[in-house]
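The values are calculated or read from the model by the stated rules, or taken from the named source; none is laboratory data. This is a predicted model, so every value here is computed, not measured. Backbone-built Cβ (ideal geometry, glycine too); neighbour counts: all protein chains shown. Only protein heavy atoms, including side chains, enter the accessible area calculation; ligands, DNA and RNA are left aside. Shrake-Rupley method; radii C 1.70, N 1.55, O 1.52, S 1.80 Å.
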Amino acid sequence: MPASKTASVALAASIALLAACTTLPKEVEPLAGSSWRLVEIQSMDDSQGTARPSNRDRYTVEFNPDGTAYMQLDCNRGRAPWKAERTGDDQGTLEFGNIASTMAMCPPESLGEKLGQQLGFVRSWVIRDGQLNMSLMADGGIIVWERTSSK
């Protein structure tokens, strides 16, 4: 093979490899572009039990395709980067980066602070019976959500 042809093939292969490495991963469906409302926070610690919000609309998470999640944490709003990877049908890994949040004083019965803390420990997700279940690291609990919008 002539040197110029070999160089062209090598260049084409390098460009293809570079494009593959720099291409953003495919959006993780069904998370990207979806919004969810809190149903409950299930603790694996018997002393804490299950916490349910009195108004589900005050606790939401929206997964934007750009990798940013927006949250309503009762009387506060939050924002964090998120990344997920599908590991099977309707399940995968999920992590939130540091959550930037407003710091208003919510009522004593609010779940906003607890939810904001728990989201930092999320490590996986599964959709079961139409609900998004986020599992916390070390079997610490499960945060259960229901869809608020269609994509």
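Is there a residue in the stretch 92-108 that is assigned to a loop (DSSP other than H, G, I, E, B) and in contact (Cβ under 8 Å) with a residue 40 or more places away in the chain? The answer is no; no qualifying residue exists. Among residues of the stretch 35-58 that are under 11 Å from Ser110 (Cα atoms), those with a Cβ under 8 angstrom from a residue that is open to solvent by 70 Å² or more (accessible area, probe 1.4 Å) and at pLDDT below 95, sequence gap 6+ or separate chain, pair up as Ser54/Glu109.
Candidates in the stretch 83-97 are the residues that are closer than 18 Å to Gln131 by Cβ and in contact with a Gly (Cβ under 8 Å, 6 or more places away or on another chain); of these, the one that is surrounded by the fewest Cβ atoms within 10 Å (Cβ to Cβ) is Arg86.
Within the stretch 112-151, restricting attention to residues that are on the phi > 0 side of the Ramachandran plot and not charged (D, E, K, R), which residue is modelled with the lowest pLDDT? Filtering first and then ranking leaves Ala138. Look at (1) over 13 Å from Ser34 (Cβ atoms); (2) within 11 Å of the chain's Cα centre (by Cα); (3) surrounded by 14 or more Cβ atoms within 10 Å (Cβ to Cβ) and you find that Glu62 fails only one, number (1).
Among the residues of the stretch 60-75, those that are assigned to a loop (DSSP other than H, G, I, E, B) and farther than 17 Å from Pro30 by Cβ comprise Asp74, Cys75. Filtered by the rule that a residue be without any contact (Cβ under 8 Å) to a residue 60 or more places away in the chain and assigned to a helix (DSSP H, G or I), the stretch 109-141 gives Gly112, Glu113, Gly116, Gln117, Leu119, Met137, Ala138. Taking the stretch 12-60 as the range and being modelled with pLDDT under 80 and of a type in the set (A, V, I, L, M) as the test, the residues that pass are Ala12, Ala13, Ile15, Ala16, Leu17, Leu18, Ala19, Ala20, Leu24, Val28.
Anything in the stretch 73-82 that is of a type outside the set (S, T, N, Q) and either within 30 Å of Pro108 (Cβ to Cβ) or crowded, with 16+ Cβ neighbours inside 10 Å (or both)? List them, or say none.
Just the residues of the stretch 73-82 that are of a type outside the set (S, T, N, Q), to begin with: 73-75, 77-82.
Scanning the stretch 73-82 gives Leu73, Asp74, Cys75, Arg77, Gly78, Arg79, Ala80, Trp82.
Filtering the stretch 34-59 to residues that are among the acidic types (Asp, Glu) and open to solvent by less than 80 Å² (accessible area, probe 1.4 Å) leaves Glu40, Asp45.
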